[in-house]
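Novice: One structure coming up, written as structure tokens, with questions to follow.
Quick note: the coordinates plus some simple rules give every number you see, no bench work behind them. Remember, it's a predicted structure, so these values are computed and weren't measured experimentally. Here the Cβ is made from the backbone with ideal geometry for all residues, glycine too, and neighbour counts use every protein chain on show.
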Amino acid sequence: MIIIVAAVVVATGGGVAWAATRPAADATTTSFATATTATLKQTVSSSGTIQPAQQQNLNFAVSGQVTGVTATVGQQVTAGQALATVNSAALAANVAEAQATVSTDQARLSSDQTAGASSAQIAADQAAVTAAQNSLTNAQNALGEATLTSPIDGTVASVNLTVGQQVSGGSTSSNGSGSGERTNYL
């Protein structure tokens, strides 16, 4: 038992000696700073070719004389924005003529139905009305195509039209690009 007591005394003395001689712990210090706002400018240089995510080459679907060009190189455009127009007088006349044909054919059908015409005549009249309505739709579509519009949001990369120029339906008229994309217009 004397050995156990001696061991406890030695262990306790060693612990006290270690605690007395060990270096003090570093005191934690706290620093405060005031936040400020600043503008950071940085330039990055690179070489290579930039390819747009999307590119559109535009053209009129109808033939005619160019009457207006509103697109300019470098211009930002939105989808549906008008870029150029061709003379639409003949196209508008075609719409009026097609509408008159629809009216005439519908009147003929109505008259023949009232008069008790044969089923063959009624069928022929109905076919004429359908054909006239299709012609009217085509004429209206052509009139709408007298205005060249942007299919996407983008930047006009080139313009290959001038007022007074004669264009053929399907001929390329512009080139531009959109939203990280390149699309060429006019």
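Novice: On full extension of the chain, what length is gained from residue 37 through residue 137, given 0.36 nm per residue of separation minus the C-alpha to C-alpha distance? Each step should come with its number before you reach the end.
Specialist: Numbers: separation 100, 0.36 × 100 = 36.00 nm, distance 6.14 nm.
Length difference between fully extended and current span is 29.9 nm.
Novice: Projected area of region 88-145, taken from the Cα convex hull and averaged over every viewing direction, in nm²?
Specialist: Details: hull surface 13.7 nm².
If you wrap the Cα atoms of region 88-145 in a convex hull and average its projections, you get 3.4 nm².
Novice: Right, here's the next one. Whole-Hz Karplus ³J(HN,Hα) for region 52-64, in order, using 6.51 cos²θ - 1.76 cosθ + 1.60 and θ = phi - 60°, x for Gly and Pro?
Specialist: Residue by residue, region 52-64 yields x, 6, 8, 9, 10, 9, 9, 7, 6, 8, 10, 8, x Hz.
Novice: Let me ask you something else. By how many nm would the segment from residue 127 to residue 67 grow when fully extended, if each residue of separation counts as 0.36 nm and the alpha-carbon distance is taken off? Intermediate results must be reported in sequence, preceding the final value.
Specialist: On the way: separation 60, 0.36 × 60 = 21.60 nm, distance 3.76 nm.
Length gained, residue 127 through residue 67: 17.8 nm.
Novice: Taking the simple approach of a point 7 Å from Cα along Cα-to-Cβ for both residue 110 and residue 96, what is their distance in nm?
Specialist: Output for this residue pair reads 2.2 nm.
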